[in-house]
Structure formats: structure tokens, C-alpha cells
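Beneath this line is the structure, given in C-alpha cells, with notes to follow.
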């Protein structure tokens, strides 16, 4: 059940140049893949994936990329924020299975949360972590402390394997060992993961991000073509069967005005 709260920032961790993780002392009862609407007083509210949650606290990893989140970056421990959540669908994690998490950029946060739950359920986890350069890789240290097998890729080869996360995923798929995929990150990356999952007939769960105003299914701004599914309630996490039905997936999304913005491939 979602909650509407005002909470003080309990602590702040620096993840990268413009990326911070904000911790709150509160039991949110969230599941991996869900999000909150984060209200930054005087600015705006934004959908933010939940990076961690247990019975005592939860965390949100946020990149300072716009006016609201740049203001958030200046806030300090003890400052108050608004939280509405948890919201949306989540990764359905089976017990004692082999899983492959494919994360690009900020997608590392919710998949780290999913990995912790999967390991608790006795799963074997391969975690493919990618970014354009080594300076943009997130959650490396946190993942290194888990029992997940971590594969790092960078576009420029500054750390790990030079190339894309999909290069490593294809190698794992070619091994013909049965597993399931969970992915989160830039949509063109996710679409590449989806295509590999289709080719090798591997189950896959995908977090599809869309512009959100309310986060509760009322405004319809995050609806996708052609079914009109709302990514704040019927998503953001969907399986590949449903993703295949979303015509715009991997092709375009809509901005705040509803205008189609096509992805540059």
C-alpha cells in the first residue's frame, strides 16, 4: 500500500559526479522495480526508482539533471522531502533460479535491490553493469560486496569489457544455460536486451520509463501506444510478452506536452 509522507533525509552517499543516494529512516514496504513520487519542496515532484528498502529504511538514487534534482543535490541531511509510494509493478523474482540482471546507467540502482532479494531466495545472479565511461558506472562497490557475478562494460573501454552490455548478454545466452533476464536502463539498451531475449526464447522482465505527472494512474501522461497502458500502474516493470505489444517501445516516447520524441539509433 502506498503512503504519502514527509521525511527527513537521514544520510547522503555520493555515487558519481552528479549522482547521490538519499537514505530515509522509514519502513516503505517496497519491492524491487517500484518507484516513488519524490516531492522537492518549491520545485516539482519526480518519479524515482527505489534503490533499497528493508524494515527500517529505504534509499533513492538520484542524478542531478534538471532544476528540481539540481536543487535536491544542494539539500543536506535533516532537510525534508515528500514521498508518495511505493508505486507501480515490480520484478517477480523466483526462488533458486539463475538470473541475469542487465543494467545501464541509473538502472543499476533498482537492479541492485532486485539482486539482493534474488540472492536471499537462493538464486545465482550474473549482473551486467554498463556505462559510457568508467566515471559513470554506478554501484560497483555495492555489487562487489554481494555474491553476484559482476560483468562490467564501458563504451570506451575505460573499465571492463569494451562494448555494450548486450555483447556480454549474448555470450551468456549462447552458453545455452537456462536463466531469466531482468533489465533496467536506457530504452535502446533495453530494446536490445529484449531482442536477444526473443531470439534465444529467454524470459525477460523490463522496466519501461515514461514521463509521469501523478504516478497514480489518474493523468494518463505515461500511457503507451497502442493499448493506453499506464506505466505508473500497469508498469513500469512488464514482461517481454507485454513489452512486445507496446508499439512505441524502442521507437519513441512522449515529452511533457505529449509530443513524440523518437530515439536516435
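Laboratory data are not the source of any read-out in this text; all were calculated from the coordinates shown. Bear in mind the structure is a predicted one, so any value in this text is a computation, not a measurement. We place every Cβ from the backbone using ideal geometry, glycine too, and count neighbours over all the protein chains shown.
Listed from fewest to most Cβ neighbours within 10 Å, the set 183, 146, 89, 257 follows the order 257, 146, 89, 183. Helical content of the chain, expressed as a calculated mean residue ellipticity at 222 nm, amounts to -6000 deg cm²/dmol (DSSP H runs of 4 or more residues, -39,500 (n - 2.57) each, divided by residue number, nearest 500).
Taking a ≥ b ≥ c as the square roots of the eigenvalues of the alpha-carbon gyration tensor, the range 196-252 is classed prolate because a/c is 1.5 or more and a/b outweighs b/c.
To the nearest 0.05, how large is the calculated FRET efficiency for residue 200 and residue 77 if R₀ is 51 Å and r is the Cβ-Cβ distance? With a Förster radius of 51 Å, E is 0.65. Just the Kirkwood number for the range 121-238, please: inverse of mean 1/r across all distinct Cα pairs, in Å, one decimal. Radius from the Kirkwood sum: 15.8 Å.
Cα gyration tensor of the range 3-87, axes a ≥ b ≥ c as square roots of the eigenvalues: rounded (a/c below 1.5), prolate (a/b > b/c) or oblate? Rounded is the answer for the range 3-87, as its axis ratio a/c remains below 1.5. Separation of the range 210-261 and the range 157-203, taken as the distance between their Cα centroids, equals 23 angstrom. Note on the chain: Rg/Rh from Cα positions, Kirkwood definition for Rh, rounded to two decimals, is 0.94.
Rounded to two decimals, the Cα-based Rg/Rh of the range 219-265, with Kirkwood Rh, is 0.95.
Each of 207, 221, 158, 175 was scored by other Cβ atoms within 10 Å of its Cβ. Listed from fewest to most, they are 175, 158, 221, 207. Tell me whether the range 53-194 comes out rounded, prolate or oblate; compute the Cα gyration tensor, take square roots of the eigenvalues as a ≥ b ≥ c, and use a/c under 1.5 as the rounded threshold. Judged from the Cα gyration tensor, the range 53-194 comes out oblate (a/c at least 1.5, b/c at or above a/b). Expressed as a whole number of Å, what is the distance separating the alpha-carbon centroids of the range 1-23 and the range 128-143? The range 128-143 and the range 1-23 have Cα centres spaced 19 Å from each other. Bridges between two residues of the chain, per DSSP, are antiparallel at a rate of about 60%.
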